[in-house]
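Inspection log for the structure reproduced underneath, given as structure tokens.
The values are calculated or read from the model by the stated rules, or taken from the named source; none is laboratory data. Predicted model, so just to flag it, every value in this text is computed and none were measured. Glycine gets a Cβ as well: all are built from the backbone with ideal geometry, and neighbour counts include every protein chain shown. These area figures cover heavy atoms from the full protein model, side chains too; ligands, DNA and RNA do not enter into them. Shrake-Rupley method; radii C 1.70, N 1.55, O 1.52, S 1.80 Å.
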Amino acid sequence: MAGKIHRSTSRWFAKESEKMNEKRKAYLVGGGIGSLAAAAFMIRDGRMAGSDISILEAAAVLGGSLDGGGNPEHGYSMRGGRMLTTDNYECTWDLFKSIPSLRLKNQTVFEETLEFNEKYKSNSKARLIDRWRGKVPVTSMGFSMQDRMELLKLSNTDEDVLGNSTITDWLSPAFFETEFWYMWSTTFAFQPWHSAIEFKRYLHRFMLEFSRIETLGGVKRTVYNQYDSLVRPLQSWLEEKGVRFVTACMVTDFEHKLADGMFIVTGIHCRRHGVNQIIDVKNGDLVFFQNGSMTDASSLGSMTAAPAALNKLDSHGWMLWEKLALGRPEFGNPAAFNSCIAQSSWESFTITLKNPAFFRNMTELSGNQAGTGGLVTFKDSNWLLSVVLPHQPHFANQPQDVQVFWGYALFPDRVGNFVAKPMAACNGEEILRELCGHLRFDLDTVATAICVPCRMPYITSMFMPRARGDRPLPVPLVSKNLAFVSQFVEIDDDVVFTVEYSVRAAQMAVYQLLGVDRQVPAVTPHDKSLLVQFEALLKSLH
């Protein structure tokens with residue numbers, strides 16, 4: 001009987017929530033994938049009208065870290081690319097099964113992506129390249145028995161015990177010279193001084209990838225870069241639903257009140273085109289805040305200039321979270337993530353070519369056609385340089401006679417092997433010289449290339465060691481109408497530096513605040529599968 005009453009109450013609550021959702025408005029601070037996803041979930045599952053949703057973004061375009069733009073004349077640029085899998089990413093695909101493709105009629109973004117990856121499957125044949133330009137054998141992970149025992153201990157240790165320790169606190173120096181570490185660290189951008197908790201979470205969340213890390217066989221790619229393939233279709237769908245996009249709008253503060261111990265946002269202070277404004281947040285309205293940004297204070301260079309060395313004081317991207325969390329520990333501790341650029345930065349670059357020679361030479365060297373190989377890492381590079389040649393075209397507006405690829409380096413503060421200066425001080429021309437030096441390619445192959453470097457001081461800030469409470473819950477227990485949707489929230493079992501994490505945070509926040517009578521897709525427990533565990537064990541012993 002109690003069960004029946006509970007279900008009846010749940011249905012009544014859901015209906016009452018839907019009625020209230022028809023009257024309320026929602027304001028999303030930040031225009032990244034978390035806010036875009038939250039808006040979509042409010043419309044699709046929360047029955048809110050798109051016209052009642054406003055997204056406030058300081059930049060001129062939406063998408064946040066999922067950026068991509070440029071042209072053949074001045075070069076294309078994207079700060080990074082995100083690995084996807086269809087074995088995980090439960091919330092991401094739950095969303096994009098509802099979003100129409102911009103390329104193909106009667107197909108969703110999910111269906112389009114599946115079809116594309118059936119044609120172009122990842123099977124890297126040159127995951128690591130050594131100083132002699134040779135392919136490093138990677139069927140063995142290179143573990144000693146000590147490495148195996150230490151890795152097993154770390155992966156089985158409770159997070160409360162791991163605390164704010166680093167990976168180096170648990171693994172010996174020799175581990176960081178194994179083939180596994182070179183592949184795992186460059187695939188996911190881990191550094192030895194990063195959080196042991198997050199490293200453990202990755203080992204569990206991507207245990208399926210552990211046994212195929214040398215081929216990247218589980219990796220899925222979007223048709224184009226992720227701005228064209230994910231952000232633009234989602235933004236187009238939201239526009240059709242009437243969502244209001246307010247760009248060039250910097251939010252500077254929240255007005256609030258306390259009622260029965262609950263924090264309630266009552267106003268949003270913002271500045272647009274030099275004019276200060278206050279948005280009145282009425283009773284029942286909701287506010288979603290993208291706290292922190294891994295691409296905050298990013299800067300682009302050129303063929304003749306290195307990227308400027310910016311920090312959070314230049315961009316103000318962390319200021320609002322810092323202000324909100326001051327004296328309110330339930331809203332997190334941004335200082336845990338943004339206080340040491342030397343431990344959270346790396347540099348990427350995007351290269352635009354009008355000569356097919358480079359792609360042809362890379363195919364001969366790697367054995368992979370563009371779009372099938374994933375990362376190629378130069379393990380003896382001082383910068384720990386990696387490149388990936390995606391399927392062409394990689395931009396929706398890219399001409400057929402133009403090729404574009406992307407690369408990055410985990411140690412931009414080190415002097416190069418072929419250019420006598422740190423990567424951080426290099427312009428695009430010097431990065432091309434360093435890359436061709438490792439590949440032993442003639443500079444003629446990149447004579448007309450355009451290389452756009454990008455410095456990102458906080459790109460792995462979410463990997464920094466953290467203590468429990470440094471990240472707020474998507475909806476803090478003391479919050480009545482404020483939710484956090486970003487890489488800097490606390491979600492059990494899932495991992496940051498993924499599109500999935502932002503989308504999951506958004507879905508959790510929307511469902512909780514709107515009383516949606518639908519379950520958020522669970523994190524698939526691949527690490528509990530005996531088969532997956534057995535395959536990982538075999539790989540570690542090989």
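Here is a check on your reading of the model: is residue 212 touching a Pro at 6+ places or on another chain (Cβ under 8 Å) and open to solvent by 10 Å² or more (accessible area, probe 1.4 Å)? Give the steps one after another, and end with the answer.
Details: touching a Pro at 6+ places or on another chain (Cβ under 8 Å): no; open to solvent by 10 Å² or more (accessible area, probe 1.4 Å): yes.
Criteria not met by residue 212.
Restricting the search to the range 500-534, which residues are assigned to a helix (DSSP H, G or I) and closer than 15 Å to residue 202 by Cβ? Please lay out each step first, then the result.
At the first step, the residues of the range 500-534 found to be assigned to a helix (DSSP H, G or I) are 500-514, 526-528, 530-534.
The answer is 500, 501, 526, 527, 532.
Residue by residue through the range 237-270, note down the ones that are of a type in the set (Lys, Arg), farther than 28 Å from residue 478 by Cβ and in contact with a Ser or Thr (Cβ under 7 Å, 6 or more places away or on another chain).
Here is the first cut: in the range 237-270, the residues of a type in the set (Lys, Arg) are 241, 244, 257.
Next cut, farther than 28 Å from residue 478 by Cβ only: 241, 244.
Matches in the range 237-270: 244 only.
Out of 226, 191, report the one residue that is open to solvent by 10 Å² or more (accessible area, probe 1.4 Å) and on the phi < 0 side of the Ramachandran plot. Outline the logic, then answer.
On the way: 191 fails: open to solvent by 10 Å² or more (accessible area, probe 1.4 Å).
Just one listed residue meets the conditions, 226.
Pairs needed: first member in the range 121-141, in contact (Cβ under 8 Å) with a residue 40 or more places away in the chain and on the phi > 0 side of the Ramachandran plot; second member anywhere, exposed (fewer than 12 other Cβ atoms within 10 Å of the Cβ) and in a loop (DSSP other than H, G, I, E, B); C-beta distance under 8 Å; at least 6 residues apart or different chains.
Every condition considered, the pairs that remain are 133/440.
Could you give me the residue pairs with C-beta distances under 9 Å whose first residue belongs to the range 163-174 and is farther than 23 Å from residue 469 by Cβ, whose second residue is at pLDDT 95 or above and open to solvent by 70 Å² or more (accessible area, probe 1.4 Å) wherever it lies, and which are 6+ apart or on separate chains?
Note: pairs meeting the criteria are 168/193; 172/146; 174/146.
Return yes or no: is residue 171 under 28 Å from residue 89 (Cβ atoms) and assigned to a helix (DSSP H, G or I)?
Working: under 28 Å from residue 89 (Cβ atoms): yes; assigned to a helix (DSSP H, G or I): no.
Considered against the rule, which asks whether it is under 28 Å from residue 89 (Cβ atoms) and assigned to a helix (DSSP H, G or I), residue 171 comes out as no.
What residue, among those in the range 455-469 that are open to solvent by less than 20 Å² (accessible area, probe 1.4 Å) and part of a loop (DSSP other than H, G, I, E, B), is farthest from residue 167 (Cα to Cα)?
The initial filter retains those residues of the range 455-469 that are open to solvent by less than 20 Å² (accessible area, probe 1.4 Å), namely 456-464, 466.
Retained after the next criterion (residues that are part of a loop (DSSP other than H, G, I, E, B)): 457-460, 464, 466.
Details: 457: 21, 458: 19, 459: 18, 460: 14, 464: 10, 466: 12 Å.
Out of the qualifying residues, it is 457.
Checking residue 151 against (1) at pLDDT 95 or above; (2) open to solvent by 40 Å² or more (accessible area, probe 1.4 Å), which single condition isn't satisfied?
The failed condition is (2).
Restrict the check to the range 102-111 and report whether at least one residue is modelled with pLDDT of 95 or more and of a type in the set (Val, Ile, Thr).
Checked against the condition, which is being modelled with pLDDT of 95 or more and of a type in the set (Val, Ile, Thr), the range 102-111 yields at least one hit.
Which residues, taken from the range 393-416, are in contact (Cβ under 8 Å) with a residue 60 or more places away in the chain and of a type outside the set (A, V, I, L, M)? Full working, then the answer.
Taking the range 393-416 and keeping what is in contact (Cβ under 8 Å) with a residue 60 or more places away in the chain, we get 393-399, 402, 404, 406, 408-413.
Hits for the range 393-416 are 393, 394, 395, 397, 398, 399, 406, 408, 411, 412, 413.
What pairs can you find where one residue is in the range 509-530 and free of Cβ contacts under 8 Å to residues at least 40 places away in the same chain and closer than 13 Å to residue 46 by Cα, the other is open to solvent by less than 70 Å² (accessible area, probe 1.4 Å) and of a type outside the set (Ser, Thr, Tyr), and their Cβ atoms are less than 8 Å apart, with a gap of 6+ or different chains?
Qualifying pairs under 8 Å: 512/474; 512/475; 512/483.
Looking at the range 1-44 only, could you name the residues that are open to solvent by 30 Å² or more (accessible area, probe 1.4 Å) and modelled with pLDDT of 55 or more? Full working, then the answer.
First, the residues of the range 1-44 that are open to solvent by 30 Å² or more (accessible area, probe 1.4 Å): 1-13, 15-16, 18-20, 22-23, 25, 44.
Listed by number, the residues that qualify are 15, 18, 19, 20, 22, 23, 25, 44.
Do any helices (runs of 4 or more DSSP H) lying entirely in the range 194-305 carry at least 2 residues that are modelled with pLDDT under 95, and which ones are they? I'd like the intermediate steps shown before the answer.
Numbers: elements: 196-205, 207-210, 232-240.
Result: 207-210.
Quick test for you: out of 489, 503, pick the one residue that is at pLDDT 95 or above, touching a Lys or Arg at 6+ places or on another chain (Cβ under 6 Å) and surrounded by 24 or more Cβ atoms within 10 Å (Cβ to Cβ).
Details: 503 fails: touching a Lys or Arg at 6+ places or on another chain (Cβ under 6 Å).
When all the criteria are applied, what remains is 489.
Please indicate, with yes or no, whether at least one residue in the range 76-94 is modelled with pLDDT of 95 or more and over 30 Å from residue 43 (Cα atoms).
Yes: one or more hits.
Among the residues of the range 394-404, count how many are surrounded by 18 or more Cβ atoms within 10 Å (Cβ to Cβ) and under 22 Å from the mean Cα position of the chain (by Cα). Spell out the reasoning first.
Initial filter on the range 394-404 (surrounded by 18 or more Cβ atoms within 10 Å (Cβ to Cβ)): 394-395, 398, 402-404.
Then drop every residue that is not under 22 Å from the mean Cα position of the chain (by Cα), which leaves 394-395, 404.
Total meeting the criteria: 3.
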